[in-house]
1. Residues that are out of contact with any strand residue (DSSP E or B) (no Cβ under 8 Å at 6 or more places or on another chain) and crowded, with 20+ Cβ neighbours inside 10 Å, at least 3 per element: which strands (runs of 3 or more DSSP E) completely within segment 147-264 meet that?
2. Is it the case that THR60 is away from ligand 2 (no atom under 16 Å from the Cβ), in contact with a His (Cβ under 7 Å, 6 or more places away or on another chain) and β-branched (Val, Ile, Thr)?
3. Quick check on my filter: what residues within segment 301-310 are without any contact (Cβ under 8 Å) to a residue 60 or more places away in the chain and crowded, with 16+ Cβ neighbours inside 10 Å?
4. Checking SER282 against (1) among the hydroxyl-bearing types (Ser, Thr, Tyr); (2) more than 17 Å from TYR217 (Cα to Cα); (3) open to solvent by less than 60 Å² (accessible area, probe 1.4 Å), only one condition comes out false. Which one?
5. Only one of PRO274, PRO292 is over 17 Å from VAL189 (Cα atoms), open to solvent by less than 40 Å² (accessible area, probe 1.4 Å) and not hydrophobic (A, V, I, L, M, F, W, C); which?
6. Sort out for me the strands (runs of 3 or more DSSP E) sitting completely within segment 36-133 that have 2 or more residues that are under 19 Å from VAL222 (Cα atoms) and within 15 Å of ligand 1 (Cβ to nearest atom).
7. Give VAL205, VAL146, VAL190 a once-over and let me know the one that is over 17 Å from CYS278 (Cα atoms), in contact (Cβ under 8 Å) with a residue 12 or more places away in the chain, of a type in the set (A, V, I, L, M, F, W, C) and within 13 Å of ligand 1 (Cβ to nearest atom).
8. Where residues in segment 20-39 are closer than 22 Å to PRO62 by Cα and open to solvent by less than 30 Å² (accessible area, probe 1.4 Å), which of them is nearest to the chain's Cα centre (by Cα)?
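The values are calculated or read from the model by the stated rules, or taken from the named source; none is laboratory data. If you're wondering where the values come from, they're calculated on a predicted model, not measured in any experiment. Every residue, glycine among them, receives a Cβ derived from its backbone with ideal geometry; neighbour counts consider all protein chains shown. Ligands, DNA and RNA are excluded from the accessible area calculation, which covers all protein heavy atoms including side chains. Shrake-Rupley method; radii C 1.70, N 1.55, O 1.52, S 1.80 Å.
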Amino acid sequence: MKKTVLVTGGAGFIGSHLCRFLLDKGFRVVCVDNFLTGSGRNITEFKGNSDFVFINHDVTKPIEIPEPVHYVLHFASPASPFDYAAFPIQTLKVGSLGTHNMLGLAKVKKAVFLLASTSEVYGDPLVHPQPESYWGNVNPIGPRGVYDEAKRFAEALTMAYHRVHKTDTKIARIFNTYGECMRKNDGRVVPAFITQALSGKPLTVFGDGSQTRSFCYVTDLVEGIYRLMLSKASEPINLGNPDEYTVLEFAGKILKLTGSGSKITFKPLPVDDPKTRCPDISKAKKLLNWQPKVSVDAGLKRTIEWFRHN
Ligand code: NAD
Ligand code: UDP
């Protein structure tokens, strides 16, 4: 009998890639989403598949699923700094109430629960690269606090269910991930730079562009999530690509790969924008035998092609 995976946020960027991957692996997939930042377009290709069920539901409200569920992958949450600034209360609610509801569901179904956490739990990090043992440097009352603290609370609640109810839980601390199906205007650096470069508009570098990020292609991330979901690990595990660039270097890379003649323009740095970010992935290598395979150039080329045609 097929195992069933419930994916919250399944109509979003990462969620829709996860649904495709899991259907291909032979799972039944129940996708729960309220389209706050996701899109029906991301899941249209699965609609004729009898192993795919879509439920339009806000996970901050309780839900009953009238069939067995073996895994709950909780990916619902605004994820772009633009989105969580636009939906601060929804972000706090989906990280807290949404996580509580999904942990409750996992408990009653005796399912494995996996939380999509984030490198933002490290805030503006004072340790570099960031190992899972680092507790972070988060401003709870700044504009990013709604996301960072929601995810920190979600991690605490997940560990509490693990300890008290013995729920089989996993926590993925996901670092910047990019690829096909990101929203053009979600404000994140990859869709922003690619759409600007393809339309000949200036690339908007925030601050002086010396802040760093490391970029993981979505197929690598999804493979890491899958390995974590099947693993015995219950402590948080970083998933990301340690290949690190300054934002200014990254703008240059996008110009080169698109062949664009766009200029670069400098805009004010958003409040609390982390100065550095790079995952220490030793734990994922050791416990999951996982590391990214797709180089940033190869992943960006595929992503750029998708943006050209969508
Ligand atoms: P996304 O915005 O594309 O997807 C999020 C999905 O969640 C959307 O489809 C949205 O409609 C849905 N959603 C939001 N609130 C909901 C609610 N209350 N009920 C039901 N559905 C709801 O973002 P993404 O980049 O795919 O991120 C997915 C998850 O991965 C998020 O939890 C995010 O925090 C985490 N993450 C992503 C990254 C990244 O670089 N993409 C990095 C770290 C963590
Ligand atoms: N950034 C930028 N120009 C943009 C969008 C983002 O310079 O148009 C910068 C942003 O300030 C940050 C980095 O790119 O330093 C990554 O931003 P993103 O919104 O993708 O995600 P974050 O890593 O901040 O969560």
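1. none
2. So THR60 fails the test.
3. Scanning segment 301-310 gives no hits.
4. (3)
5. PRO292
6. Ranges flagged: 71-74, 112-118.
7. VAL146
8. GLY38
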